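The values are calculated or read from the model by the stated rules, or taken from the named source; none is laboratory data. Because the structure is predicted, anything quoted here is derived from the model rather than measured. Glycine also receives a Cβ, built like all others from the backbone with ideal geometry; neighbour counts cover every protein chain displayed. To get the accessible areas, we keep the full protein, side chains included, count just its heavy atoms, and leave off ligands, DNA and RNA. Shrake-Rupley method; radii C 1.70, N 1.55, O 1.52, S 1.80 Å.
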Amino acid sequence: MIRIPLRVSGVDLDDDVTLEVLGEHLSDLAWSEFDGAVIATLYTAAKDPVATALEAARRICHVLPDAKVIEVDPEVVSISDIAFRLGVSREAVRLWVEGRRGPGNFPLPMGTVGGGKSKIWQWAQVHRWVRQHYGIGEKERHLTPEQVAELNGCLLRIKHPIDNAWETVSSFERRVRPPAENRDDLHELLAELTGKILTASAKRHMALALYMVEGSSSWVARYGHQQAPDGYIEVSPEAAQVEELA
């Protein structure tokens with residue numbers, strides 16, 4: 001599994017409502033906070049982990065309107081941090097760093113802190129080294145530096161045709177307010193829409209926004225994609241009566 005820590009702003013993990021939303025919609029992510037920084041960690045075995053992480057970032061921003069996924073967290077670690085994570089002594093890590101123990105070629109530090117007194121490293125590089133030479137640490141993989149740069153670029157809103165399509169379809173209002181008498185039909189209706197309309201008509205990069213038309217008995221699902229951004233689907237409350245309109 002590839003482990004991808006995403007740094008997120010605008011999320012309060014001490015808020016009960018936020019925690020309820022995370023549990024309901026984003027439970028596939030591991031949420032943590034360290035020194036005031038909120039991290040959403042994704043574990044994935046997908047062939048395209050960058051695309052999977054970007055989809056997760058979009059879900060975060062959709063479910064939590066105040067949230068912003070800033071970057072892949074670099075996970076900066078010191079000698080003490082490395083020793084703690086691996087369950088070894090600080091002296092063992094220091095000897096690795098100095099090349100006095102082990103195979104050598106310990107990853108170069110990314111910088112120093114404390115007036116140059118303490119070196120710091122990126123955890124992903126250190127973890128690869130200890131897994132390769134000692135087989136210790138968690139059995140997880142990390143994005144390559146190239147993949148990190150690609151994902152961070154996407155998170156900074158570097159435009160891509162997929163992003164343009166996403167912006168088009170995600171601009172529609174998203175709210176579902178079924179009348180009490182039809183509440184039990186909602187999941188059936190959504191399944192009908194997803195199975196018989198989205199897969200056949202919308203194809204790729206499409207989003208649905210369902211809302212109840214005030215004072216009427218019809219459901220309206222607006223959708224859009226690169227070819228037909230202004231299309232819409234109107235259906236009755238009966239899931240069997242799904243009709244696509246141009």
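Numerical summary
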{"item": "Enumeration of residues in segment 33-79 that are basic (K, R) and either in contact with an Asp or Glu (Cβ under 6 Å, 6 or more places away or on another chain) or closer than 18 Å to V21 by Cβ (or both)", "result": "R58, R59, K68"}
{"item": "Residue check for D28: open to solvent by 60 Å² or more (accessible area, probe 1.4 Å), in contact with a strand residue (DSSP E or B) (Cβ under 8 Å, 6 or more places away or on another chain), within 19 Å of R141 (Cβ to Cβ) and not hydroxyl-bearing (S, T, Y)", "result": "yes"}
{"item": "Residues of segment 88-105 that turn out to be part of a loop (DSSP other than H, G, I, E, B) and either at pLDDT 95 or above or β-branched (V, I, T) (or both), as a count", "result": "2"}
{"item": "Residue within segment 67-80 that is under 19 Å from C154 (Cβ atoms), open to solvent by 50 Å² or more (accessible area, probe 1.4 Å), assigned to a helix (DSSP H, G or I) and free of Cβ contacts under 8 Å to residues at least 40 places away in the same chain present", "result": "no"}
{"item": "For T168: the one exception among (1) modelled with pLDDT of 95 or more; (2) in contact with a Pro (Cβ under 6 Å, 6 or more places away or on another chain); (3) assigned to a helix (DSSP H, G or I)", "result": "(1)"}
{"item": "Selection status of D35, over 11 Å from the mean Cα position of the chain (by Cα) and closer than 21 Å to K139 by Cβ", "result": "no"}
{"item": "Single residue of R85, R100, R131 found to be of a type outside the set (S, T, N, Q), free of Cβ contacts under 8 Å to residues at least 40 places away in the same chain and more than 18 Å from P145 (Cα to Cα)", "result": "R100"}
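Every residue, every condition in (1) of a type in the set (V, I, T); (2) at pLDDT 95 or above; (3) crowded, with 17+ Cβ neighbours inside 10 Å; (4) assigned to a loop (DSSP other than H, G, I, E, B), yes or no:
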| position | (1), (2), (3), (4) |
| --- | --- |
| L108 | no, no, no, yes |
| T112 | yes, no, no, no |
| G115 | no, no, no, yes |
| W121 | no, yes, yes, no |
| V126 | yes, yes, yes, no |
| W129 | no, yes, yes, no |
| I136 | yes, no, no, yes |
| K139 | no, no, no, yes |
| Q147 | no, yes, yes, no |
